[in-house]
Each structure stands twice: as C-alpha cells, then as structure tokens.
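Quick one: this structure, given as structure tokens, is what I'll be asking you about.
The values are calculated or read from the model by the stated rules, or taken from the named source; none is laboratory data. Just so it is clear, the structure is predicted and the values come from calculations on it, not from any experiment. For neighbour counting, all protein chains shown are included, and Cβ atoms are generated from backbone atoms with ideal geometry for every residue, glycine included. SASA here: full protein model, heavy atoms, side chains in, ligands and nucleic acids out. Shrake-Rupley method; radii C 1.70, N 1.55, O 1.52, S 1.80 Å.
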Amino acid sequence: MENIIAELHWRGLVHDMMPGTEEQLLKQSTPTYIGFDPTSDSLHIGSLVPIILLVHLQKFGHKPIALVGGATGMIGDPSGKSDERNLLDEATLTHNVNGIKAVLGRFLDFNAQGPTAPILVNNYDWMKTFSFIDFAREVGKRITVNYMMAKDSVKKRLSGDGEGMSFTEFTYQLIQGYDFYYLHKHYACLLQMGGSDQWGNITTGTELVRRMNPDHTGEGAKAYAMTCPLITKADGSKFGKSEGGNVWLTADKTSVYKFYQFWINTTDVDAEKYIKIFTFLDQSTINELIKEHQEAPHLRILQKRLAEEITVFVHGNEALTKAIQASGILFGNASADDLKALDTTTFLEVFEGVPQAEILKSELENGLDIVTVLNEKTGFLKSNGEARRALTENSIAVNREKVTENFVLSPTDLINNQFVLLQRGKKNYFILRVVG
C-alpha cells in the first residue's frame, strides 16, 4: 500500500492520530468512515475537507464509508458548541439527510462495485429500532461516566458560563461511538476520521469497538482514529464564510460565480495553504505554482489555479467556464453577448452594490432616447447637459457597447428580458431594471 499518511501530512491534513493507524493503512486496504451532520440540506466548504479525505482514501486503495447522521442529527453534537442546539423535527431531518446524500454522491460513486467502492450509510437505519433499555444495557454499561466526563467537549460545557449540558447531548458520544462499533461489525471498518473537534467522540468509538468485540486474546478488537485540523484563515477569522454567510457546495445556495470568487479572493498566505488541502495536484506541481506566484504575486497565479481546481471538483468544467466569463465582466473586455449569457442571479451578483432604477416595459415599446434614460429615468447623470457631454466624449456604454446621442433604447436591448447595464467610463455602472 502507498503511504496515505505521508501524503496527508505534507498537505497539512493530519492533526491527531492513534498509535498504529499509519501501520494499519500501510498493511492492508482499510474501510474508513467519516460522519456528516444533517443540520442543513446541503454541505458548505467546511465539509470539503472530510469529502476530500474520503476521495484520497479511495485513491490510495482504501474503502471510504460516508455516514449521514440521521439519528445523531436528532440530538446534536455538543463538540465545539457553547449552547444546546435546537432539535430538528423528523421531516426536516429526512429532507436534510436526502440533500446531503445527493451532495456526497457528486464526489463519491456509491453505485460502484469493487473492494474500494464507497458506501453511504445512515445511522438512523440501525438506531431507530434500538430501545432505550437495550442501549443502556448493551452500550451504556461499557463506558464509565468518568471516561465520558474527561472529554474536552464535555468539560468545556460543564465549566462554561452557559446552562451546562443536557443528558441528551451527554449521550451523543455514546451514540456516535456505537456507530463505529456497528460499522466495525458489519463493514469491517477499522478507522474513523473527522475534524480535530471530534477526537473525543472518535476515541470513544474505538473504546466501544474494543470493549464490545473481545478477541481471542481477551484484549478486544483494534480500531483506529485520526483527525485533521479545523481550517482557519491566516488572520484568525473563521474559514468558509463570505459576507453573505456560509459558502455552500450547491449552486442554489451559493452560485458558482460567488463560489469561484471566494477562492479567487484568498490571501497569498492562505492560498499557499489551501492549494495543498483542497486540490489533488501533486507536490511538485504545487511547489512550482508557489514559486511562480512568489515571483509575480500580482498575477495571482496561485489563487486562479486554486479557484479553478476546486470549482471543477465541486461544480464541473462547464460551470467553471461560466464563472470565469462572469468574473471577467467587470474587469475584462466583455461584450453585450457575454452579458446576455449571464443568468439573472449571476448578473445581479456580478453587479452587486451597483445603483438601480426601475421603469415600466411599456415605456420602451416606442423607444427611449439615451439622454432621457441617463438623466430623467435613472438619475445616473445629474442633467441632460451632463448626459450630452458624456455622450460627446464617447464615455457612455449600454450593455458594454459605446453609444452616441442618437441611440434609442428598445426592448431588444434587455439582458434576460429585464436589465440594461449603463456605464460611464471604466468603473461607473448603473442598472436599469425593466418591470411589467
């Protein structure tokens, strides 16, 4: 077996690892699972790391198991949280689980066959018939309260300023631990991976595997744990959020244009770190890119390659092409045809913050002269005189094409049948929205 741990180390993807983990992964193909919490019907870019870990595992000859927490999602993981989560109802959870399954299916082929074919499971399937009494006898008996209280996720909540921790949340690590036992028993799963905040829950799972599966030596079956660092920005701010909130992996929540822009706008320091974590480029390629970038940082070579690689991985080549075209609208030599190729959402995102005015569609039926549009209908320019001077200076464009004082605006000039982009010079934009 190739050494996946060496690969993950240079990429900065190893935080904690139980002794024997590397040896196990070198010895044989190892079924390995990572859990995904169904708090939403999609996943954001914070979940890209565990997804990428599963893809790496398969590339290195191991069997990835993606677990969607339909049962654990009913309780809420207390790890890294200062307050109790609101409990989701069953209908919302079912909707979220289905959404997450669809997202994961874009990166891992759950219909594939073979020894390293990925598996998708939902812990609700084995927890739904587990009675409280049976759980208390079979699982609760194996782990002491002292052991559970020693976990950081528990200690921080009990010593914090909040209301402490409910019994419901306290049981979370036992239920997650039972998942590991179940997967070990039914899928020969030997390793669980997750974020560094999951170390306590994961090691509880290894203990349950050991205590519930005694082997011929009486020591218990082996199980392993590994965590990756929680991704941060160089300035200490939280990774994965833009001004509009989370950056999601589905275009209905975060458009491909905004997704691409998030990575393009990465700082130089973060880009050097992220290109190792979020792409599958090899070490020599990445080192060469970093060298090129350092020689000419203004070209943003690293950010462009980072954005391209991740956008293709998440959304595909066609979506990347559209995102690059949209990104060039503000700064490149985009034509009217390029503008008209943008969908409404992307158009508004490209020109976010640009002032707007509305007119009725009926006002365009007989045509509107450009001077009236620039002043009276929009207020883009302060007077008819200023509008005429700007037109004489050849500094006015409609949908990126220069116009003269003779120009008449008509319905054929509309972008997506509702917008007109007015421009003075290189950087002054105005959107005329046509309604009705």
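Once a ≥ b ≥ c are taken as the square roots of the eigenvalues of the Cα gyration tensor of region 1-46, is the result rounded (a/c under 1.5), prolate (a/b larger than b/c) or oblate (a/b not larger than b/c)? Write down the numbers at each step before the final one.
On the way: a/c = 2.58, a/b = 1.88, b/c = 1.37.
Verdict is prolate for region 1-46.
As an exercise, use a Förster radius of 25 Å and the Cβ-Cβ distance of Lys156 and Ala91 to find the FRET efficiency, rounded to the nearest 0.05.
So, using R0 = 25 Å, E works out to roughly 0.20.
For region 140-272, calculate the relative contact order in percent as a whole number, restricting contacts to Cα pairs under 8 Å that are 6 or more residues apart.
Numbers: 128 pairs, mean separation 23.7, N = 133.
It rounds to 18 percent for region 140-272.
Step through the table entries Lys63/Lys141; Lys27/Lys233; Lys63/Lys273; Lys63/Lys241; Lys253/Lys276; Lys59/Lys185, compare each Cα-Cα distance with 29 Å, and write down the pairs that go over it. Don't skip to the answer; put the middle values down first.
Details: Lys63/Lys141 31 Å; Lys27/Lys233 36 Å; Lys63/Lys273 27 Å; Lys63/Lys241 31 Å; Lys253/Lys276 26 Å; Lys59/Lys185 24 Å.
Too far apart for the 29 Å limit: Lys63/Lys141; Lys27/Lys233; Lys63/Lys241.
For Lys377, tell me the accessible area in Å² from a 1.4 Å probe, rounded to the nearest 10.
About 60 Å², rounded to the nearest 10.
What order do you get for 28-40, 223-235 when each peptide is scored by the mean count of other beta carbon atoms within 10 Å, highest first?
Numbers: 28-40: 20.3, 223-235: 18.4.
Ranked from most to least packed, the peptides come out as 28-40, 223-235.
What's the extension gain from Asn366 to Gln294 if we count 0.36 nm per residue and subtract their Cα-Cα distance?
Taking 0.36 nm per residue and subtracting the Cα distance, the gain is 20.3 nm.
Between Glu163 and Glu376, what's the calculated FRET efficiency when r is the beta-carbon distance and R0 is 51 Å? Round to 0.05.
With a Förster radius of 51 Å, E is 0.25.
Can you tell me which of Leu374, Leu108, Leu208 moves the most in a GNM of the chain? Springs connect C-alpha atoms under 10 Å apart.
Evaluated over the chain, the most mobile residue of the options is Leu374.
Based on alpha-carbon atoms only, what is the radius of gyration of the chain relative to the globular estimate 2.2 N^0.38 Å? Write out the running numbers ahead of the final one.
On the way: Rg = 27.5 Å, N = 436, 2.2 N^0.38 = 22.2 Å.
So the chain has a normalised radius of gyration of 1.24.
Mind telling me which of Glu352, Glu90, Glu292 comes out most flexible in a GNM of the chain, alpha-carbon contacts under 10 Å?
For the chain, modelled as a Gaussian network with Cα springs under 10 Å, the answer is Glu352.
Would you mind computing, in nm to one decimal, how far apart the modelled labels at Gln28 and Ser131 are, each placed 7 Å from Cα along Cα→Cβ?
Taking the simple label geometry, Gln28 and Ser131 are separated by 3.7 nm.
Heavy atoms only, 1.4 Å probe, whole protein assembly: order Met149, Met17 by accessible area, highest first.
Values: Met149 85, Met17 60 Å².
Largest to smallest exposure gives the sequence Met149, Met17.
Arg211 accessible area, nearest 10 Å², 1.4 Å probe?
90 Å²
Sort Trp263, Trp199 from largest to smallest accessible area, using a 1.4 Å probe on the heavy atoms of the protein chains.
Greatest to least solvent exposure: Trp199, Trp263.
Then there is this: Which residue fluctuates most in the GNM of the chain (Cα springs below 10 Å): Asp152, Asp77, Asp343?
Residue with maximal mean-square fluctuation among Asp152, Asp77, Asp343: Asp343.
Related question: What's the center-to-center distance, using Cα atoms, between region 9-87 and region 237-300 in Å?
A separation of 22 Å, based on Cα centres.
Straight distance only, please: which lysines reach the Cα of Lys155 with their own Cα at less than 19 Å, same-chain residues fewer than 8 apart left out?
The reachable lysines, counting only those whose Cα sits under 19 Å from Lys155, are Lys81.
Taking the Cβ of Met149 as the centre, find all other residues whose Cβ is under 15 Å away and add up their charges (Lys, Arg: +1; Asp, Glu: -1).
Details: positive: Lys151, Lys155, Lys156, Arg157; negative: Asp152, Glu169, Glu207.
Spelling it out: positives minus negatives among the neighbours equals +1.
If you bin every alpha carbon distance in region 241-399 into 5 Å steps from zero, what whole percent lands in each bin?
1, 8, 14, 15, 16, 12, 9, 8, 7, 5, 3, 1, 0
Further question: How large are Rg and Dmax for region 232-304 when calculated on the C-alpha trace, in angstrom?
13.0, 38
Compute the Cα gyration tensor for region 98-257, then decide on rounded, prolate or oblate, letting a ≥ b ≥ c be the square roots of its eigenvalues: rounded whenever a/c is under 1.5, prolate when a/b is larger than b/c in the other cases, and oblate in all that remain. Can you show the working numbers first?
Numbers: a/c = 1.91, a/b = 1.25, b/c = 1.52.
It is oblate, given that a/c is not under 1.5 and a/b is not larger than b/c.
If you don't mind, another one. Separation of region 338-396 and region 147-177 by C-alpha centroid, Å?
First find each Cα centre; the distance between them is then 59 Å.
Same structure again: Give me the orientation-averaged projected area of the Cα convex hull of region 342-416, in nm², one decimal. Can you show the working numbers first?
Numbers: hull surface 20.8 nm².
Mean shadow area of the hull around the Cα atoms is 5.2 nm².
Another one. If I model a spin label at Lys238 and Asn98 as a point 7 Å from the Cα along the Cα→Cβ vector, what separation in nanometres do I get?
Going from the Lys238 label point to the Asn98 one covers 2.9 nm.
When all protein chains stay in place, what accessible area (Å², nearest 10, 1.4 Å probe) is found for Arg400?
Counting only protein heavy atoms, the figure is 50 Å².
Report the extension gain between Glu405 and Glu2 in nm, rounded to one decimal, defined as 0.36 nm multiplied by the number of residues separating them, less their alpha carbon distance. Don't jump to the answer; show the numbers that get you there.
Numbers: separation 403, 0.36 × 403 = 145.08 nm, distance 6.95 nm.
Gain on extension, Glu405 to Glu2, equals 138.1 nm.
Continuing with this model, one more query. Regarding region 49-151, what whole-number volume in Å³ per residue does the convex hull of its Cα atoms give?
162 Å³
Let me check something: with ligands and nucleic acids excluded, how do His184, His293 order by accessible area (1.4 Å probe), largest to smallest? Walk me through the intermediate numbers first.
On the way: His184 30, His293 5 Å².
If we order His184, His293 from most to least accessible, we get His184, His293.
Ignoring solvent entirely, what values of log10 I(q)/I(0) come out of the Debye formula for region 107-201 at 0.18, 0.24, 0.25 Å⁻¹ when each Cα is a single scatterer?
These q points yield log10 I(q)/I(0) values of -0.98, -1.39, -1.44.
Where Rh is the Kirkwood radius over the Cα pairs of region 25-66, the temperature 4 °C and the viscosity 1.567 mPa s, what D in µm²/s does Stokes-Einstein return?
On the way: Rh = 11.2 Å.
Calculated translational D: 116 µm²/s.
Could you please report the charge total around Thr94, scoring K, R as +1 and D, E as -1 over all other residues with beta-carbon less than 15 angstrom from its beta-carbon?
On the way: positive: Lys101, Lys128; negative: Asp37, Asp41, Asp89, Glu90, Asp125.
Charge balance in the 15 Å sphere: -3.
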